[in-house]
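Heads up, the thing below is written out as structure tokens.
Just so you know, all these numbers are worked out from the coordinates, no wet-lab data involved. Please read all numbers here as calculations on a predicted model, not as lab measurements. Positions of Cβ are generated from backbone atoms using ideal geometry, with glycine treated the same way; all protein chains shown enter the neighbour counts.
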Amino acid sequence: MSLHLIRLLLAVVLSLQALAAQADYRLNIPVGPTETSRAIYDFHMYAIWVCVAIGIVVFGVMFYSIIHFRKSKHPVPAGFHENTVLEIVWTVIPVLILVGLAVPATKALIRIEDTSGAEMTIKVTAYQWKWHYEYPEEGIQFFSSLDEASDRARQLGSDLAPEKVANYLLEVDHPLVVPINKRIRFLITSADVIHAWWVPAFGWKKDAIPGYVNAGWVTIEKPGIYRGQCTELCGRDHAYMPIVVKAVTEEEYKSWVAQWKQRQETLEE
Ligand SMILES: [Cu+2]
């Protein structure tokens, strides 16, 4: 082996190791903290294994044919035309596979889109370039904008380096706080142009369209901070309106609500 080849191989091995060392490096889609994201993941895995099975059968037949019916073994090729049984088989099998994929996919979609039976509602209104959250039942509302550190670091010629900012461009001043284990309905709209509200961990995203209300729902099972972004190009600062959802326990949520109410009252006075 030439020295050049050895060097190349070494470089490949080292870079693969570097990839593996990254903690969040993964090949598969992540499983979120909601029932819907799990439903999506489960269906994705099911579809993957169906594809694997199809691949094994198709390549199996192909390689079998290449090896066993090669020219040196069969100098004179078979000359048959039309085979009704075969044609029925290769029509019926794909139809069955498609039905087998369509039924669970439709079930999952209906589950995701069904926003009935919500225990609480949050109204999300998009603005250029921030989010407005309203809790109609609690009487709370506020704007959620890019946090100060990220905003400072993003300026041209800023004295603050982006690498120095934790969760650069993914942090907001006031996160959306929600309780866990509660069926929450989001009503999403916009006050100016089209935006889209997307938190990847929840497994869905919805366009925020002026004059139109889109709905989505979650039941978050694990407390934590879930981040997202606007995913519809909405103008100059499209990249600077992140979403932060803080899922907390019922008690923590209640005390947060009380705090916000007090804050709002002092502001109104
Ligand atoms: Cu936007």
Legend entry - Sum of -39500 (n - 2.57) over DSSP H runs of 4+, divided by residues of the chain (222 nm, nearest 500): -14000 deg cm²/dmol
Legend entry - Where trypsin sites (Lys or Arg not before Pro) in DSSP loops with at most 11 other Cβ within 10 Å are excluded, longest remaining stretch of the chain: 74-235
Inset, instruction - Return the FRET efficiency for the residue pair MET120, MET45: r is the Cβ-Cβ distance, R0 is 22 Å, and the value is rounded to the nearest 0.05. - result: 0.10
Legend entry - Which listed pairs, of LYS164/LYS246; LYS205/LYS261; LYS206/LYS254; LYS164/LYS205; LYS123/LYS182; LYS205/LYS254, have C-alpha distances above 20 Å, in listed order: LYS164/LYS246; LYS205/LYS261; LYS206/LYS254; LYS164/LYS205; LYS205/LYS254
Inset, instruction - Along Cα→Cβ, 7 Å out, is where each label goes; now give me the distance between the ones at ALA215 and VAL52 in nm to one decimal. - result: 3.9 nm
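So if we plug the beta-carbon distance of GLU252 and ARG183 into 1/(1 + (r/R0)^6) with R0 = 22 Å, what FRET efficiency do we get, rounded to 0.05? Don't jump to the answer; show the numbers that get you there.
Working: r = 18 Å, r/R0 = 0.83.
The computed FRET efficiency comes out at 0.75.
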Inset, instruction - Return, for the Cα atoms of the range 62-176, the radius of gyration and Dmax in Å, separated by a comma. - result: 30.4, 83
Inset, instruction - At a Cα cut-off below 20 Å, give the aspartates and glutamates reachable from LYS107, other chains included and same-chain residues fewer than 8 away excluded. - result: GLU35, ASP42
Legend entry - Cα-based Kirkwood hydrodynamic radius, the range 120-268, one decimal, Å: 15.9 Å
Legend entry - Separation in nanometres of the label points that stand 7 Å from Cα toward Cβ, at ASP192 and ASP237: 0.8 nm
Inset, instruction - Would you kindly state how much longer the chain becomes between LEU96 and VAL76 on full extension, computed as 0.36 nm times their sequence separation minus their alpha carbon distance, in nm to one decimal? - result: 3.6 nm
Inset, instruction - Please determine, in degrees from 0 to 90 and to the nearest 10, the orientation of helix 84-113 with respect to the longest principal axis defined by the Cα atoms of the chain, where the helix direction is its Cα long axis. - result: 10 degrees
Legend entry - Relative contact order of the chain, defined on C-alpha pairs under 8 angstrom at six or more residues apart (%): 19 percent
Inset, instruction - Divide the volume of the convex hull of the Cα atoms of the chain by its number of residues and quote the answer in cubic angstrom per residue. - result: 244 Å³
